Structures are given as structure tokens and as C-alpha cells.
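Just so you know, all these numbers are worked out from the coordinates, no wet-lab data involved. Values in this document were obtained by computation on a predicted structure and should not be read as measured data. Neighbour counts run over all protein chains shown; Cβ positions are idealised from the backbone, glycine included.
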Amino acid sequence: MGNLIVGSILVACVFLAVRYLYRQAKKGQCAGCSGCKGGYDCHCGR
């Protein structure tokens, strides 16, 4: 029973991560990009 719960949580985490990455790529941003605000050197959109 414990394996089923842990497996379900892992599948949910993977699904949410893939969905996040897909949405970021669809917007033309890279994963983890916060909009490159604050004058930091940003690799997003290059």
C-alpha cells in the first residue's frame, strides 16, 4: 500500500514538472526563468 502511495506521488510530481516545462517553452522562456528582471545576465530567450 505504501508503494502505491509513493508511486502515485512521484507520478504526480513528474506530471506537474512536465506541464510546467511545456508551458514555459510555449511562452518562449526557459525553465526556471523569472523574467530576467534586476539587470542580471540572463540566458533565457537566446
Practice task
Would you mind counting up the charge near residue 19? Only other residues with Cβ under 14 Å from its Cβ, with Lys and Arg at +1 and Asp and Glu at -1.
Solution key: +3
Exercise for the section: Evaluate the distance, in nm, between pseudo-label points positioned 7 Å from the Cα of residue 16 and of residue 1 along their respective Cα→Cβ axes. Expected result: 2.4
